[in-house]
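Only the coordinates and a few stated rules stand behind these numbers; no lab work does. Since the model is a prediction, treat every value here as computed from it, not as a measurement. As a convention, Cβ positions derive from the backbone with ideal geometry for all residues, glycine included, and neighbour counts pool all protein chains shown.
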Amino acid sequence: MDALYDIDLLLWSEHQAALLRRLAAGETINESLDWQNIAEEIEALGKSQARELASRIGTILEHLIKLLASPATDPRAGWRSTIRRERREIGLLLADAPSLRQTVAGVIERELVVSREAVAEDLADRGEVPRLAVAPLAFTSEQVLGAWLPD
């Protein structure tokens, strides 16, 4: 069964799930479960959800910073739309993994450093002079995940 793990992860996971369900139902299974890879995939799932949260928060932060700092007018509606979409997706993610909610403030703090730098570079690439300094900008969890948008 280890070979299947290396060849087709989807097929392997479906097979392992079926075996686990049979085992949970009290059936005797003749095939052995791939415990080592099952454990690794469960760990990877958690890490993947944490990375997804960080990525979506990073996108929101970049767009919030652009709304505050960029003098450009045309892309503003798109930035707001992206923020709303990412907030909806984060809501779904947190519904599936509520324990991630306790990490939000720390994720915002970490992603804010990268987001400030990214926006400063984007503005410079476009020859835009920021309306305000990007470096001191900070956001609360409510500002990032709630309905708030800069004017």
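Couple of notes before you dig in:
- Take the Kirkwood radius over Cα pairs of segment 45-145, plug it into Stokes-Einstein at 10 °C and 1.306 mPa s, and you get 114 µm²/s for translational diffusion.
- Rounded to 0.05, the FRET efficiency of the ILE7 and ALA95 pair, given R0 = 35 Å and the Cβ-Cβ distance, is 0.55.
- Shape call, segment 1-84: gyration tensor on alpha carbons, a/c limit 1.5: prolate
- The chain: relative contact order as a whole-number percent, Cα under 8 Å and 6+ apart: 27
- Each label point was placed 7 Å from the Cα along the Cα-to-Cβ direction; for THR103 and ALA50 their separation is 0.4 nm.
- With at most 13 neighbouring Cβ atoms within 10 Å, loop GluC sites (Glu not before Pro) (DSSP) excluded, longest segment of the chain: 32-151
- Span from the segment 1-24 Cα centroid across to the segment 108-147 one, whole angstrom: 43
- Estimated purely from DSSP H runs of n ≥ 4, each contributing -39500 (n - 2.57), the mean residue ellipticity at 222 nm for the chain is -23500 deg cm²/dmol once divided by its residues.
- Each residue, GLU128 and ILE29, gets one label point 7 Å from its Cα in the Cβ direction; the gap between the two is 5.3 nm.
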